[in-house]
Amino acid sequence: MIVIGGIIFGVFTATEAAVAALLYSLAISLIVYREFKLKELVGMLIRTARLTGMVMMLLAFATVIAWFLTINMVPQTLVSQVQAITQDPFMLLLIVAFLLLLVGFVMDLTPAMVIMAPMLAPIVTSVGVDAAYFGVLMAFVLGIGLLTPPVGTCLYVGCGVGKVSMESLVKAMLPYYAALLVVLVVLIAFPGIVTWLPDLTAVRGN
């Protein structure tokens with residue numbers, strides 16, 4: 001309610017929602033569960049800094065990969081080949097989704113979005129695909145990449161927090177991968193799921 005509701009109703013941005021969730025968690029831990037003491041905050045900050053450093057290192061390597069792919073014209077080549085295969089919106093979205101899944105395996109979400117969005121958006125919109133829908137679809141597909149090796153940022157964070165191996169975490173994630181793929185197929189088959197919601201900002205303004 002705090003994170004999703006706050007973002008949807010314009011109370012704060014997605015980044016600010018993380019701060020709100022943190023403050024809420026601290027308050028609950030201190031007042032309700034009483035499992036957290038202020039003197040433990042320094043150790044938590046140190047552990048958080050270590051996890052953040054690990055994630056930033058992964059992002060750095062992902063950016064290098066993105067740069068390497070860009071200078072070798074790999075994204076442009078893939079896009080031109082996709083456009084030459086079909087102009088049917090459904091088939092085009094299937095191909096683009098598969099392409100984005102492959103990209104998500106080897107590239108972090110942010111550099112992948114920066115590189116692929118400007119090239120793919122004109123292609124899908126030229127066949128009548130709604131731009132807002134494609135943005136949601138692209139974010140969802142690349143978000144799956146955050147949970148898949150070898151460049152699965154969220155996987156490394158999960159391993160660090162849970163103190164488990166990558167192999168055991170990926171094995172436990174298999175049912176969730178299947179669920180995500182089912183949702184992806186549903187989004188492609190029924191794009192109206194994304195676009196039917198009213199503009200809450202306009203409603204609130206009225």
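Here are a few things to note about the model shown:
- At an R0 of 35 angstrom, the distance between the Cβ atoms of A117 and I28 translates into a FRET efficiency of 0.40.
- Computed from Cα atoms, the angle from the helix 74-85 axis to the main principal axis of the chain rounds to 50 degrees.
- For the chain, calculated [θ]222 nm from helices alone, where every DSSP H run of n ≥ 4 adds -39500 (n - 2.57): -25000 deg cm²/dmol
- The residue list F68, G145, Y33 was ranked by how far each Cα lies along the charge dipole of the chain toward its positive end, using unit charges on Cβ atoms, and Y33 comes out on top.
- Exposure proxy for L59, L93: other Cβ atoms within 10 Å of each Cβ, ordered fewest to most, give L59, L93.
- Scaled radius of gyration (Cα, divided by 2.2 N^0.38 Å) that the stretch 1-86 gives: 1.75
- Scaled against 2.2 N^0.38 Å for its residue count N, the alpha carbon radius of gyration of the stretch 1-158 is 1.30.
- In terms of the mean number of neighbouring beta-carbon atoms within 10 Å, the peptides 124-137, 172-185 order highest first as 124-137, 172-185.
Each value in this text was obtained by applying a stated rule to the coordinates, not by laboratory testing. Values in this document were obtained by computation on a predicted structure and should not be read as measured data. Using ideal geometry, Cβ is built from the backbone for each residue, glycine included, and neighbour counts are taken over all protein chains shown.
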